[in-house]
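S.K.: For reference, the structure I am asking about is given below.
Read-outs: derived from the displayed coordinates by stated rules, not from any lab. Note that the coordinates shown come from a computational prediction; the quantities given were computed from them, not determined experimentally. Cβ placement follows ideal geometry from the backbone for every residue including glycine, while neighbour counts extend to all protein chains displayed.
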Amino acid sequence: MSERSYRLVLGSTLLILIYVNYPPLYYAYIGLLFFEGITNWRIPILINRLRFGQDHIIGRPALACSASALNFEAERAMRIVFGLILIPAIFFLPKDLWFINWIIASFLTLAGLVNFCPTVVTLRFLGFK
């Protein structure tokens with residue numbers, strides 16, 4: 001499983017969660033985002049480790065970005081950033097910030113479809129690996 005296909009799964013899952021509107025599923029979704037971001041036990045890495053026996057990720061750039069300022073991957077940071085943005089939009093001000101859920105879900109879905117995630121590109125520009 002590549003990061004691209006996993007972004008598509010994350011985005012479409014969030015769209016389904018918005019439609020269902022069942023709060024315990026939001027807890028699980030945000031918990032998964034934070035767990036993957038903090039521990040780096042991401043589902044694409046675990047699936048590829050089971051399939052290939054290594055951390056091979058399909059679609060990873062050939063250059064290893066050794067000149068990055070921070071020793072933290074942009075994919076991990078993306079999950080933490082999206083989790084932090086979703087918390088107030090879902091739990092504290094859902095009537096006022098309802099559009100943020102849709103924006104994040106559509107960004108993740110489109111990033112999975114076209115293999116371009118503006119958040120990851122921005123985080124890499126800021127110095128993440």
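S.K.: Please check the chain for the longest run free of chymotrypsin sites (Phe, Trp or Tyr not before Pro) that are loop-located per DSSP (anything but H, G, I, E, B) and have at most 16 other Cβ atoms within 10 Å.
M.R.: The reported range is 73-115.
S.K.: HN-Hα J couplings of region 39-51 from phi, Karplus 6.51/-1.76/1.60, θ = phi - 60°, integer Hz, Gly and Pro as x?
M.R.: For region 39-51, the Karplus curve yields 8, 6, 8, 7, 4, x, 5, 5, 5, 5, 5, 5, 6 Hz.
S.K.: Also, I was wondering about something else. What is the dipole size for the chain, taken about its Cα centre, with +1 at each Lys and Arg Cβ and -1 at each Asp and Glu Cβ, in debye to the nearest 20?
M.R.: Roughly 200 debye, rounded to the nearest 20.
S.K.: Pick out, from P23, T122, A105, the residue whose Cα sits farthest towards the positive end of the charge dipole of the chain, with +1 on the Cβ of Lys and Arg and -1 on the Cβ of Asp and Glu.
M.R.: Of the listed residues, the answer is T122.
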